[in-house]
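Notes follow once the structure below has been shown.
The values are calculated or read from the model by the stated rules, or taken from the named source; none is laboratory data. Keep in mind it's a predicted model, so treat the numbers as computed, not measured. Don't worry about glycine lacking a Cβ; one is built from the backbone with ideal geometry, like all the others, and counts go over all protein chains shown. The area values use the complete protein model at the heavy-atom level, side chains included, leaving out ligands, DNA and RNA. Shrake-Rupley method; radii C 1.70, N 1.55, O 1.52, S 1.80 Å.
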Amino acid sequence: MVCAWDEVTSHPMPDRDIEFVRGEPTDSDVLRRAGVQRAATVLVDARDDNEALAISVTVDHVRQNAHVVVTLRDIARARHIAYVNSAIRCVQWHTPRMVTEELQSPGIAEVYAELMTHGGANTYSAPLPASIGPVRVGDCQARLGKEHGATLLAARTGEGLLVNPAWETELPVGSVLYYVAPHRLGTEQIETSLRA
């Protein structure tokens, strides 16, 4: 179901099997006509952040237990949305893929936000030390994980970027590791762990 403002005179997606309701999205009756009270997931994509906040208040009034995702131009305004309901997830407005991921996997936007926040676990890259030769992804996962709390996310080889590579994949000398960890690992730490 798509709910759009009164000035939207025709169905915005006529080629899709989606119903269309026109009206003021801050009006609870309009949201009920759109079926928000039955929705498992609600996306609030407003014209500006103030309007997004007002619509979020109404959505929360009409349907308290839905997974609500709100797009914001200024993501710092997420704290205002949290005053409405701390379970509402906010996503940067210009990241449609993130919006889709959050709608499909509730909470994933918070994981990405945490990875991009200074402090705590962070993402890093490091070249695979040439001194250890080729190494299996599984060895990187197991040893770097056990000894340093690191998780390998991806690796770049001469073949290209491998996101979430299979554990049996052999990484040649010159590969770059991309990992999440509490701190950056030095070359010596990586060498010591992977030589064991």
Residue among 175, 142, 14 farthest towards the positive dipole end of the chain, charges placed on Cβ: 142
Rounded to the nearest 20 debye, dipole of the chain from Cβ charges on Lys, Arg, Asp, Glu: 420
Among (i) 11.2; (ii) 19.8; (iii) 14.0, the entry derived from the coordinates for mean projected area of the Cα convex hull in nm²: (iii)
In Hz, Karplus ³J(HN,Hα) per residue of segment 19-24 (6.51, -1.76, 1.60; θ = phi - 60°; x = Gly, Pro): 6, 10, 10, 10, x, 7
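Take the solvent-accessible surface of the protein heavy atoms, probe 1.4 Å, and return the percent of it on the chain that carbon and sulfur atoms account for. Walk me through the numbers before you get to the answer.
Details: 5820 of 11310 Å².
The C+S portion of the solvent-accessible surface of the chain is 51 percent.
If the only charges are +1 at each Lys and Arg Cβ and -1 at each Asp and Glu Cβ, what is the size of the charge dipole of segment 1-72 around the Cα centre, to the nearest 20 debye? Mind showing how you got there, number by number?
Numbers: 7 positive and 13 negative charges, 68 e Å.
Approximately 320 debye in magnitude.
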Protection-proxy order for peptides 48-58, 1-11, each taking the mean of Cβ atoms within 10 Å per residue, highest first: 48-58, 1-11
Gap separating the Cα centres of segment 27-73 and segment 125-169, nearest whole Å: 43
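If I take all pairs of Cα atoms in segment 110-196, what percentage of them are more than 16 Å from each other?
Details: 1809 of 3741 pairs.
Above the 16 Å cut-off, segment 110-196 has 48 percent of its Cα pairs.
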